[in-house]
């Protein structure tokens with residue numbers, strides 16, 4: 001083996017070791033599609049008060065920062081939806097709009113609008129927030145590692 005071939009092989013081996021499993025064969029379009037689907041699963045986990053799905057979707061070091069600067073961890077979120085489920089509180093409906101994906105090796109960042117629809121006492125209200133969600137490829141699957149929300153002023 002020539003010196004150049006050896007150096008190229010070492011470089012390729014290092015790149016494979018640094019890239020998450022599946023990253024080398026996953027296309028940016030495939031990563032984006034997987035994360036967009038997982039984003040919907042995440043919103044469904046909130047709506048369905050599903051702590052098992054939430055535990056799978058959120059990375060262990062997950063944090064979400066709300067517009068009032070409050071921060072929740074993965075455990076905080078799982079505990080919250082479990083309490084809400086047990087209390088049989090009506091969950092809001094969530095949907096996203098104007099979502100843009102930024103794809104990097106092992107990371108996908110989604111930015112856009114999240115609309116929350118709540119119904120209380122027969123009255124439905126909507127609130128809109130800008131969001132940034134950071135997904136990372138860990139242990140052979142995507143998980144959300146961080147989320148940030150900012151209020152959008154009403155017209």
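At a glance:
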quantity: Leading residue by the ranking (farthest from residue 136 (Cα to Cα)) among those in the stretch 52-83 that are free of Cβ contacts under 8 Å to residues at least 40 places away in the same chain and surrounded by 18 or more Cβ atoms within 10 Å (Cβ to Cβ); calculated: 81
quantity: Yes/no for residue 145 being touching a helix residue (DSSP H, G or I) at 6+ places or on another chain (Cβ under 9 Å), under 21 Å from residue 32 (Cβ atoms) and surrounded by 14 or more Cβ atoms within 10 Å (Cβ to Cβ); calculated: no
quantity: Total residues in the stretch 118-141, condition more than 8 Å from the chain's Cα centre (by Cα) and either surrounded by 15 or more Cβ atoms within 10 Å (Cβ to Cβ) or under 19 Å from residue 75 (Cβ atoms) (or both); calculated: 8
quantity: Within the stretch 97-122, tally of residues that are assigned to a strand (DSSP E or B), farther than 17 Å from residue 151 by Cα and touching a strand residue (DSSP E or B) at 6+ places or on another chain (Cβ under 7 Å); calculated: 6
quantity: Scope the stretch 84-96; condition more than 16 Å from residue 120 (Cα to Cα) and either surrounded by 12 or more Cβ atoms within 10 Å (Cβ to Cβ) or in contact with a strand residue (DSSP E or B) (Cβ under 9 Å, 6 or more places away or on another chain) (or both); matching residues; calculated: 85, 95, 96
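Throughout, read-outs are computed from the coordinates displayed, never taken from laboratory work. On a predicted model such as this, the values are computed, not experimentally measured, just so you know. We place every Cβ from the backbone using ideal geometry, glycine too, and count neighbours over all the protein chains shown.
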